[in-house]
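The values are calculated or read from the model by the stated rules, or taken from the named source; none is laboratory data. Quick caveat: nothing in here was measured; it's all calculated off a predicted structure. Every residue, glycine as well, gets a Cβ built from its backbone with ideal geometry; the counts of neighbours run over all protein chains shown.
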């Protein structure tokens, strides 16, 4: 009797889309390709979730984002459903498995702290540069029990021309998250061919 499935069959993995997201047990190997000194590649700010009535007349929630400053925090504390807006980073990454550029929105302080420590460590290249190595990011647990672990992966090397070209072609501009009064526009495909910059900050 023949086997139902071929011996080399592997179930296809769901596409991750343009935004890096984690479910319990997920591990993603990524390389950060950004610098907060170039806000097309990375921004930080405040994120609130605002209650509103949608077009169907139903109650819902939507994110509102503002740049990182005291005035923005005061405003969003009044607009957030819990009165507790979160400090977020949005960074451009290269997904080593998907082989494409993605955006990663980070509100977890433990992740932000770990990335900052990598960037400030001379063991991983020039201090301040976090683009010269890959990082494995793993999520375990759900809800209040969710934990993330980050591990830097050698070798230390500059971003390849292939990766750089793909990121430029994606025409990402993270500043679009603050467009439309903080409700945001799609950060992908923003720059015209004349505006694309091959002098990326890495």
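Numbers at a glance
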item	result
Test: residue in the range 183-200 that is part of a helix (DSSP H, G or I), at pLDDT 95 or above, in contact with a strand residue (DSSP E or B) (Cβ under 9 Å, 6 or more places away or on another chain) and more than 17 Å from residue 42 (Cβ to Cβ)	no
Any hit, the range 146-157, residues being surrounded by 15 or more Cβ atoms within 10 Å (Cβ to Cβ), out of contact with any helix residue (DSSP H, G or I) (no Cβ under 7 Å at 6 or more places or on another chain) and within 21 Å of residue 86 (Cβ to Cβ)	no
Filtered residues of the range 55-106 (kept if more than 20 Å from residue 180 (Cα to Cα), in a strand (DSSP E or B) and in contact with a helix residue (DSSP H, G or I) (Cβ under 7 Å, 6 or more places away or on another chain))	92, 94, 100, 101, 106
Index of the failed condition, residue 177 passing every other in (1) more than 20 Å from residue 67 (Cβ to Cβ); (2) touching a residue at least 40 places away in the same chain (Cβ under 8 Å); (3) not in a loop (DSSP other than H, G, I, E, B)	(1)
Identity of the residue in the range 153-163, without any contact (Cβ under 8 Å) to a residue 40 or more places away in the chain and part of a loop (DSSP other than H, G, I, E, B), that ends up farthest from residue 108 (Cα to Cα)	160
Condition check for residue 24: more than 28 Å from residue 190 (Cα to Cα), in contact with a strand residue (DSSP E or B) (Cβ under 7 Å, 6 or more places away or on another chain) and assigned to a loop (DSSP other than H, G, I, E, B)	yes
Residue in the range 142-152 that is closer than 23 Å to residue 65 by Cβ, modelled with pLDDT of 95 or more and assigned to a strand (DSSP E or B) present	yes
Counted residues, the range 1-21 - those being within 33 Å of the chain's Cα centre (by Cα) and modelled with pLDDT under 75	8
Residue list for the range 76-99, filter: within 30 Å of residue 170 (Cα to Cα) and surrounded by 15 or more Cβ atoms within 10 Å (Cβ to Cβ)	85, 86, 88, 89, 90, 91, 92, 93, 94, 95, 96, 98
Some residue of the range 122-140 being outside any helix (DSSP H, G or I), at pLDDT 95 or above and surrounded by fewer than 13 Cβ atoms within 10 Å (Cβ to Cβ)	no
Boolean, residue 65 is at pLDDT 95 or above, over 19 Å from residue 167 (Cβ atoms) and surrounded by fewer than 18 Cβ atoms within 10 Å (Cβ to Cβ)	no
